[in-house]
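The values are calculated or read from the model by the stated rules, or taken from the named source; none is laboratory data. Note that this is a predicted model, so its numbers are computed, not measured. Using ideal geometry, Cβ is built from the backbone for each residue, glycine included, and neighbour counts are taken over all protein chains shown.
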Amino acid sequence: MNGVYLPKFFEILIYISNNKGIILTQLAQEVNMPRPSTWVVVNDLEKLGYITKVISKKNRLKKLIYLTDKGKRYAQCLEEIKNGIIKITREEEI
């Protein structure tokens, strides 16, 4: 995340935003978390209405993870905050 720390909850939400239809195993690898821990966060995000899981048409054993409209709005805000932090950090380094 460009050296900027974000809690895993936020990192996962942003990652799903940029990788629509990702599966849990791939998500866990990309955010460097154990799969069971990632599953807990994903389930919490689903309960909060930020994501939805859809059964894959190609492989019914896999669930694809997508943001809901609510999740898209929230991820957009998080991206703006992250970019603001990165900008401030870079300005301070100059």
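The table that follows gives values for the structure above.
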{"quantity": "Within the stretch 45-94, tally of residues that are in contact with a Leu (Cβ under 6 Å, 6 or more places away or on another chain) and among the acidic types (Asp, Glu)", "calculated": "0"}
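Residue-by-condition table, conditions (1) modelled with pLDDT of 95 or more; (2) surrounded by 12 or more Cβ atoms within 10 Å (Cβ to Cβ); (3) touching a strand residue (DSSP E or B) at 6+ places or on another chain (Cβ under 6 Å); (4) of a type in the set (D, E, K, R):
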{"site": "Tyr15", "(1), (2), (3), (4)": "no, yes, no, no"}
{"site": "Ala28", "(1), (2), (3), (4)": "yes, yes, no, no"}
{"site": "Asp44", "(1), (2), (3), (4)": "no, yes, no, yes"}
{"site": "Ile51", "(1), (2), (3), (4)": "yes, yes, yes, no"}
{"site": "Ser56", "(1), (2), (3), (4)": "no, yes, yes, no"}
{"site": "Arg60", "(1), (2), (3), (4)": "no, no, no, yes"}
{"site": "Gly71", "(1), (2), (3), (4)": "yes, yes, yes, no"}
{"site": "Lys82", "(1), (2), (3), (4)": "no, yes, no, yes"}
{"site": "Arg90", "(1), (2), (3), (4)": "no, no, no, yes"}
